[in-house]
Amino acid sequence: MTVADLAPAFTLACAIHIDFFEALEVMADKLAVYPAGCLTLAAPDGELTGYAVSHPYARGRVPKLNHLLGGLPANADIYYIHDIAIDAAARGKGHAEMAVDLLAAHARHAGFREMRLLSVNNSGAFWRRRGFSPVLNEQVDVASYGSDATYMRRFFKPFAPT
Ligand SMILES: CC(C)(COP(=O)(O)OP(=O)(O)OC[C@H]1O[C@@H](n2cnc3c(N)ncnc32)[C@H](O)[C@@H]1OP(=O)(O)O)[C@@H](O)C(=O)NCCC(=O)NCCS
């Protein structure tokens with residue numbers, strides 16, 4: 001994702017996340033803070049049809065909806081997927097799965113052993129099939145994300161020695 005992608009990504013986010021509005025500045029802030037964690041999906045004609053936003057974060061904390069991150073926590077010990085969204089017409093083709101794989105590879109190479117996210121929009125089954133399970137023993141403030149929001153995690157296998 002580049003700065004030029006922010007306007008179309010924001011338009012897509014507004015169309016998909018009707019109940020979870022975030023201002024354009026919030027996505028711009030995450031892109032500025034951790035550009036390596038922000039991806040876009042483009043159709044052959046160049047139209048933006050999906051995006052992913054992610055960054056290192058601290059376990060037990062969830063970025064508040066529609067708030068600036070303003071920087072990474074000093075004790076960042078997990079890799080956090082803030083959002084993956086694919087335009088309805090482009091779903092069911094493995095794009096989100098590929099985004100998860102790309103972000104997992106990035107996080108492992110960056111030294112993280114665990115990836116976390118908050119599943120919303122009844123997407124829990126999608127995440128379970130990609131190796132995530134609910135975090136049961138930690139309290140997090142997910143009030144701004146609706147009643148079905150579930151804090152989930154996936155552990156990475158350590159790299160095998162070469
Ligand atoms: C959740 C979401 C990101 C999934 O995007 P997607 O690109 O459709 O996801 P994928 O194609 O990778 O996977 C969807 C299904 O298509 C299947 N699929 C993968 N490749 C496929 C292909 N080539 N042909 C047909 N189906 C395929 C996958 O197996 C998967 O099925 P499963 O979930 O039953 O295992 C998308 O529905 C979305 O944007 N939802 C709204 C935003 C949202 O809620 N995001 C999550 C916030 S936590």
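The values are calculated or read from the model by the stated rules, or taken from the named source; none is laboratory data. The shown structure was predicted, so the numbers you read here are calculated from the model rather than taken from an experiment. For neighbour counting, all protein chains shown are included, and Cβ atoms are generated from backbone atoms with ideal geometry for every residue, glycine included. Note: accessible area is taken over every heavy atom of the protein model, side chains too, but ligands, DNA and RNA are not part of it. Shrake-Rupley method; radii C 1.70, N 1.55, O 1.52, S 1.80 Å.
Summary table below
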{"quantity": "Counted residues, region 69-101 - those being in contact with a strand residue (DSSP E or B) (Cβ under 9 Å, 6 or more places away or on another chain), open to solvent by 40 Å² or more (accessible area, probe 1.4 Å) and hydrophobic (A, V, I, L, M, F, W, C)", "calculated": "3"}
{"quantity": "Extreme residue, nearest to the ligand (Cβ to nearest atom), among residues of region 80-113 that are part of a helix (DSSP H, G or I) and under 20 Å from ALA28 (Cα atoms)", "calculated": "ALA99"}
{"quantity": "Region 49-68: number of residues that are surrounded by 18 or more Cβ atoms within 10 Å (Cβ to Cβ) and of a type in the set (A, V, I, L, M, F, W, C)", "calculated": "4"}
{"quantity": "Flag for ALA23 being open to solvent by less than 40 Å² (accessible area, probe 1.4 Å) and within 13 Å of the ligand (Cβ to nearest atom)", "calculated": "no"}
{"quantity": "Test result for ASN137, within 14 Å of the ligand (Cβ to nearest atom), at pLDDT below 95 and either within 14 Å of the chain's Cα centre (by Cα) or open to solvent by 40 Å² or more (accessible area, probe 1.4 Å) (or both)", "calculated": "no"}
{"quantity": "Members of region 22-61 found to be in contact (Cβ under 8 Å) with a residue 24 or more places away in the chain and in a helix (DSSP H, G or I), listed by number", "calculated": "GLU25, VAL26, MET27, ALA28, ASP29, LYS30, LEU31, VAL33, PRO35, ALA36, GLY37"}
